[in-house]
Amino acid sequence: MKAQWITNGEKKPFYARKAFRVKENLVKATAKVCGLGQFNFFVNGNRAANERIGGAWTDYNKIVEYSAYDITDLLHIGANAAGFEVGNGWYILDTTGYSFHFPRFVPLPPNPNPYRPFADALVLAFEIELEYEGNIIEEISSDESVSVCAHGVTAASVYGSEDIDGAALQVGFSRADFAEKGWTKARFARENEKPKGELIAQSEPRVSVVREYAAECIRYADGVRVFDLKQNTAAVLTAEVRGNAGETVEFFFAEKLDSRGMPDQKAKGWDDITTRVRYTIAESGKWEKVEQTFSYFAARYIGVRSTSDVRAVKALAITSAVEDAGDFVCDNEKYNAIFRMIRASVESNLVSVHTDCPTIERFAWQEENHLMARSIFFMKNEKTMWEKMLRDTRAAQHTADDSFNDGKGGRFFVGEGLIPSQAPCYMPNVLPVEGMGSFYDIIAWGSFIILGAKWHYLHYGDKKIIEDNYDAGKKYFAHLKTRVNSDGFINHGLGDWGNPTGEYARENTETAFFYADAMTLMEFAYILGKIDEAAVFEAEAEAIKRNYNAKLLKKDKNGAYFYAIFGDKSEKCTTSAQALPLFWGLVPIEAQTDVENAFRTAFRADGALIAGEVSLPYIIQTAKSLGLNAEIAKYITRDEHPSYYAFVRAGETTLGEYWEENPRSHNHDMLGSIAEWYFNGLAGVEAAEAGFKTVKITPFLPDDMRFFRATIDTPHGTIRVSASRDKTGAPIFDISVPQAITVV
């Protein structure tokens, strides 16, 4: 797109419109649009696509994405108009209502590198191309002929709060017959208002409405009407209100209710998440529509403070995870509820980036992007979404010259090749926290650049993902080598974050990823024909393996091998300490059987998934590979935590952040890696060759299930696996595989 940036010179939301005429014999009409930070695009009163809050979240100093639209069917001969709404987003953060900050009681030092606006005004750029018969092209683009007006949304926070002045809303502004009263002309943006990043086409799915939830009023007390959506979700609010002109109606959002049955905005161990939408009524006695324009809320419950009438309260659930790629259903509702809960959590957290949660932080933490990749790929077609996120990650990789304020009057150099824990990162908290480790330089987070590409390649079979990320992966590995301590370990990050026992086992966990990165880069080098480089990474991996086993592989009192947690004098045997080396191939041949038995013993003794988010997928997959599917089925359907079904029993419709009731966030997907097991454990489908060209299928039917049906979309067609029982109760499996796929 070559269009120029235009603006009204303000930091608050604005409207823009361009009237134009269409002649006869139109063949095709396309548009390219970018409004920063967020935008909506209309043609002749209609949305140009099923899209909400357009504008991908990126580091606008590095990358800016425009969206493309086919608008042929929205035009007609004669007068037409294109309309645009531009709001703040992350381009110029508006802190109205709630915005993220660490509460006073959290033991973290003040961040000397807070959010900084990307520019001094909101901006818009667009091109409309009209193609007529005879290959005649007419172009209409953003310039100083475009009309602009301050928006009726007077404040718009990326965290979901909006202030709306109903009297200032420009209803019908994108129609050709709209009368421009009080509008002015745009001007070209100045250098301090333009984004610095490269302008490229958006390739990932649009943020779109996927379903609608009608809210039910369940209570009225203390001047507050309480509405229940019956589903925790990330969504755009819509409602209708009627009252006196100038009165304000306030909608506020919560994931749970307090003991009085009122919306509770207190996040456990955190501050209040005071996200709200305030609407000022335009005319007395008329029903008016309230709708979020530039952001979304995330909650199950909606409170309404107002003496005005309120009706038709709805949530338009949004996600970038639009296209389903797999499904699972069975006759045991426990498993179905768990699966639905995880899928809803994934959808809520894939909104332009992969957020940790849609409520509190909305940050693009990177560990979920590979820990959850295989689960999400089985459920959703996320090929282009992961390509976008890896592009964001490459853009975020640091050079030797990159430095930050150290809070002491100096500069903190993070290190060449470092991949930050968030990408894009809008509030870089780069300083390590004494006693907790680094929240910015974390191997299980930064390794997305390597392992995210690995799982993408295995699932989709597209070698380009390796070509695009190999060099960045090499630079990151070189950075990791500078972080190896005197014991030969990586241990500066967060270890097995979220482990319910508090055993983060940093040396064990983080060094296992160090080895995994080396081995994966070796695989990539072979795939790319870089044989000499492959040999280098193989040698690096072997050195890591030797040190890992020399210092962590122990013998118990019976002389059997197991992995002890570094620094733990009791040398207890945990599932996470065994699972990571087993999964990644760190175990020497002579110890393999012993370590497998050690895992089985610990897993059965635990009686539950004792794991943080980092080790969890590896514990599940190791248990599956060792024939412990029956135990997995039992553990995930336990009544008490740690358990997926414990969330369901507590009334949750999305997954909690940690294994506990009333977690800080009630809509995290980071613990959702059990979803992968539904497809490769229960349905038993595993890719034996990249892209599912060759597969292994070994289904499993738990004792508490009589029937299941699973579908898995692959690049070579859909695999279907179903299970039932015969008259004796023995499992019967029905497997359907496309001809293009070989079963081994």
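Tabulated results
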{"read-out": "Carbon plus sulfur fraction of accessible area for the chain, probe 1.4 Å, in percent", "value": "47"}
{"read-out": "Cα→Cβ-extended label distance, 7 Å offset, between Glu131 and Glu661, nm", "value": "6.1"}
{"read-out": "Loop-resident sites, region 365-447, for GluC sites (Glu not before Pro), counting at most 11 other Cβ within 10 Å (DSSP)", "value": "Glu434"}
{"read-out": "Label-point separation, Arg311 to Asp401 (7 Å along Cα→Cβ), nm", "value": "6.3"}
{"read-out": "Residue-averaged [θ]222 nm for the chain, counting only DSSP H segments that reach four residues, each worth -39500 (n - 2.57)", "value": "-7000 deg cm²/dmol"}
{"read-out": "Degrees, to the nearest 10: 383-396 long Cα axis against longest axis of the chain", "value": "90"}
{"read-out": "Label zone at Ala79, where the point sits 7 Å out along the Cα-to-Cβ direction: region 115-147 residues whose backbone N lies under 19 Å", "value": "145-147"}
{"read-out": "Farthest toward positive dipole pole in region 635-744 [+1 Lys/Arg, -1 Asp/Glu at C-beta], among Pro738, Phe692, His668", "value": "Pro738"}
{"read-out": "Point-to-point label distance, Glu640-Ile732, nm (Cα→Cβ direction, 7 Å offset)", "value": "4.0"}
{"read-out": "Per residue, in Å², the accessible surface of the chain once ligands and nucleic acids are set aside, probe 1.4 Å", "value": "38"}
{"read-out": "Mean separation of Cα contacts under 8 Å, 6 or more apart, over the residue count of region 562-702: relative contact order %", "value": "15"}
{"read-out": "With Cα atoms, 0 to 90° folded angle of helix 575-584 axis to the chain main axis", "value": "80"}
{"read-out": "Partner lysines for Lys572 [C-alpha distance under 23 Å; skip if fewer than 8 residues away on the same chain]", "value": "Lys545, Lys551, Lys554, Lys555, Lys557, Lys624"}
{"read-out": "Interchain or long-range residues, amide H under 5 Å from Ile71's placed H", "value": "Ala29, Thr30, Ala31"}
{"read-out": "Label zone at Ala740 (point 7 Å along Cα-to-Cβ), backbone N below 12 Å, region 708-732", "value": "714-719"}
{"read-out": "Listed residue pairs exceeding 24 Å between alpha carbons, taken from Lys380/Lys463; Lys18/Lys62; Lys194/Lys289; Lys383/Lys463; Lys388/Lys696", "value": "Lys18/Lys62; Lys194/Lys289; Lys388/Lys696"}
{"read-out": "Arg219 long-range amide H proximity, modeled H, under 5 Å", "value": "Val226"}
{"read-out": "Separation of alpha-carbon centers, region 173-243 and region 421-468, rounded to whole Å", "value": "31"}
{"read-out": "In degrees, nearest ten, helix 333-349 long axis to first principal axis of the chain (Cα)", "value": "50"}
{"read-out": "Nearest-0.05 FRET efficiency for Ala650 and Thr72, computed from C-beta distance (R0 56 Å)", "value": "0.65"}
{"read-out": "Stretchable slack from Ala535 to Thr30, in nm (0.36 nm times residue separation minus alpha-carbon distance)", "value": "176.9 nm"}
{"read-out": "Added length on full extension, which subtracts the Cα-Cα distance from 0.36 nm per residue, Lys230 to Thr694", "value": "162.9 nm"}
{"read-out": "Computed over the chain: relative contact order in percent, which uses C-alpha pairs under 8 Å that are six or more apart", "value": "12"}
{"read-out": "Whole-number percent relative contact order across region 280-363, with pairs defined as alpha carbons under 8 Å at least 6 apart", "value": "29"}
{"read-out": "Estimated FRET transfer efficiency (Asp487, Glu416; beta-carbon r; R0 25 Å; 0.05)", "value": "0.60"}
{"read-out": "Selection of GluC sites (Glu not before Pro), region 129-238, meeting DSSP coil and at most 12 other Cβ within 10 Å", "value": "Glu133, Glu144, Glu191"}
{"read-out": "Cα centroid separation, region 287-315 to region 13-58 (Å)", "value": "26"}
{"read-out": "Given charges at Cβ of Lys, Arg, Asp, Glu: region 14-153 dipole, positive-most of Ile128, Ser147, Asn88", "value": "Asn88"}
{"read-out": "Ile589-Val329 FRET efficiency (beta carbon distance; Förster radius 35 Å; 0.05 resolution)", "value": "0.25"}
{"read-out": "Euclidean distance of C-alpha centroids, region 485-561 and region 620-664, integer Å", "value": "27"}
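The values are calculated or read from the model by the stated rules, or taken from the named source; none is laboratory data. Predicted model only: the values in this text are computed from it and were never measured. Cβ coordinates were reconstructed from backbone atoms using ideal geometry, including for glycine residues, and neighbour counts include every protein chain displayed. Ligands, DNA and RNA are stripped out before the accessible areas are found, and what is left, the full protein with its side chains, is counted by its heavy atoms. Shrake-Rupley method; radii C 1.70, N 1.55, O 1.52, S 1.80 Å.
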